[in-house]
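The values are calculated or read from the model by the stated rules, or taken from the named source; none is laboratory data. None of these values were measured; they are calculated from a predicted model. Heads up, the Cβs are rebuilt from the backbone with ideal geometry, glycines too, and the neighbour counts pull from every protein chain shown. These accessible areas exclude ligands, DNA and RNA; they are computed on the full protein's heavy atoms, side chains included. Shrake-Rupley method; radii C 1.70, N 1.55, O 1.52, S 1.80 Å.
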Amino acid sequence: MIEPPILYSFRRCPYAIRARMALLISEVPFNLREVRLRDKPADLIAVSPKATVPVLVLATGEVIDESLDIMRWALRRHDPEGWLAGDDRGLIETFDGAFKHHLDRYKYPDRFGPPAPDHRDACLDLLLLLENRLALSTNLCGARRALTDIAIMPFVRQFAGVDPGWFGQQPLPRLQAWLSDHRESPLFYRAMLRPEPWSPAASAFSCDRPSST
């Protein structure tokens, strides 16, 4: 019997969130190892020296340590909702790059220096692009959720959480509804369950063919 892959993850990390959501929707069984970022296990560092999450370790020993690669790997095995048909690599790259750059400087002023309004404004400009796109369809690549939505949503969620009152007042009604729909979905709820931190002495949390709702 082939052992399911191991996913090293951190619950709140947006990269890990999107990887977990893709694995869950694909119904590919996996063992979840929730790590403490301030105390990363030696097992994680051994398989991926950069020691960032998520990291997927396959039964063959192959290591996939980029979240988008994990998403696409899972969906190539089983894609019940057709997520790969909505894989807008250019839009995802924009949010992984420029949006994430400004988001970090808006969200973490202690790390990057005093907060600068231009970082928040730069994020808002990119979110307005999504708002305009959502005028054409319920989700970013059509009526149904797809890979692009799930790849971007955790970062929009993170931005909205910095100052929810301010975010709620912005001219982004379609984006706000889109974000709410994804945050309230059963799939997101399953992806955000709170497992105990993993240690070599403990068993991994098993995700064996969870519901794809």
Open item on the list: Which residue fluctuates most in the GNM of the chain (Cα springs below 10 Å): Leu128, Leu193, Leu56?
Closed with: Leu193
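What does the charge dipole of region 161-203 about its Cα centre add up to, to the nearest 20 debye, if the Cβ of each Lys and Arg holds +1 and the Cβ of each Asp and Glu holds -1?
On the way: 4 positive and 4 negative charges, 17 e Å.
Using only the charged Cβ atoms, the result is roughly 80 debye.
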Task: Spread of Cα-to-Cα distances over 10 Å intervals beginning at zero, given as percent, for region 61-102 - done: 24, 46, 27, 3
TODO: Using only Cα atoms, tell me the angle between helix 117-133 and the longest principal axis of the chain; keep it within 0 to 90° and round to the nearest 10.
DONE: 90 degrees
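Around Leu179, under 15 Å between beta carbons, what's the net of Lys plus Arg minus Asp minus Glu among the other residues? Spell out each step's value before the answer.
Values: positive: Arg18, Arg133, Arg145, Arg157, Arg174, Arg183; negative: Glu131, Asp149, Asp163, Asp181, Glu184.
Charge balance in the 15 Å sphere: +1.
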Task: Mean projection area, nm², convex hull over Cα of region 150-195 - done: 3.5 nm²
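Evaluate the charge dipole of the chain about its Cα centre and quote only its size in Debye, nearest 20, assuming +1 on the Cβ of each Lys and Arg and -1 on the Cβ of each Asp and Glu. Walk me through the intermediate numbers first.
On the way: 27 positive and 27 negative charges, 67 e Å.
In debye, rounded to 20, the chain gives about 320.
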Task: Charge dipole (debye, nearest 20) of region 10-87; +1 at Cβ of Lys and Arg, -1 at Cβ of Asp and Glu - done: 360 debye
- [ ] Could you provide, to the nearest whole Å², the per residue accessible area of the chain with probe 1.4 Å?
- [x] 49 Å²
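Tell me the Kirkwood hydrodynamic radius of region 1-94 in angstroms, computed as one over the mean inverse distance between distinct C-alpha pairs. Mind showing how you got there, number by number?
On the way: mean 1/r = 0.0733 Å⁻¹.
The Cα-based Kirkwood calculation yields 13.6 Å.
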Open item on the list: Per residue of region 176-184, what does 6.51 cos²θ - 1.76 cosθ + 1.60 with θ = phi - 60° give for ³J(HN,Hα)? Whole Hz please, x for Gly and Pro, Karplus curve as stated.
Closed with: 4, 5, 4, 4, 4, 4, 6, 5, 9
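Averaged across orientations, what area in nm² does the convex hull of the alpha carbons in region 100-146 project? Please report the intermediate quantities before stating the final value.
On the way: hull surface 15.0 nm².
Mean projected area for region 100-146: 3.8 nm², to one decimal.
Give the carbon-plus-sulfur fraction of the accessible surface of region 111-187 in %, rounded to a whole number; probe 1.4 Å, heavy atoms of protein chains only. Please list the in-between numbers first.
Numbers: 1930 of 3650 Å².
The nonpolar share, carbon plus sulfur, comes to 53 percent.
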Open item on the list: Ignoring solvent entirely, what values of log10 I(q)/I(0) come out of the Debye formula for the chain at 0.13 Å⁻¹ when each Cα is a single scatterer?
Closed with: -0.75
TODO: Return the single residue from Ala46, Ala85, Ala98 with maximal mean-square fluctuation; model: Gaussian network over the chain, springs between Cα atoms under 10 Å.
DONE: Ala46
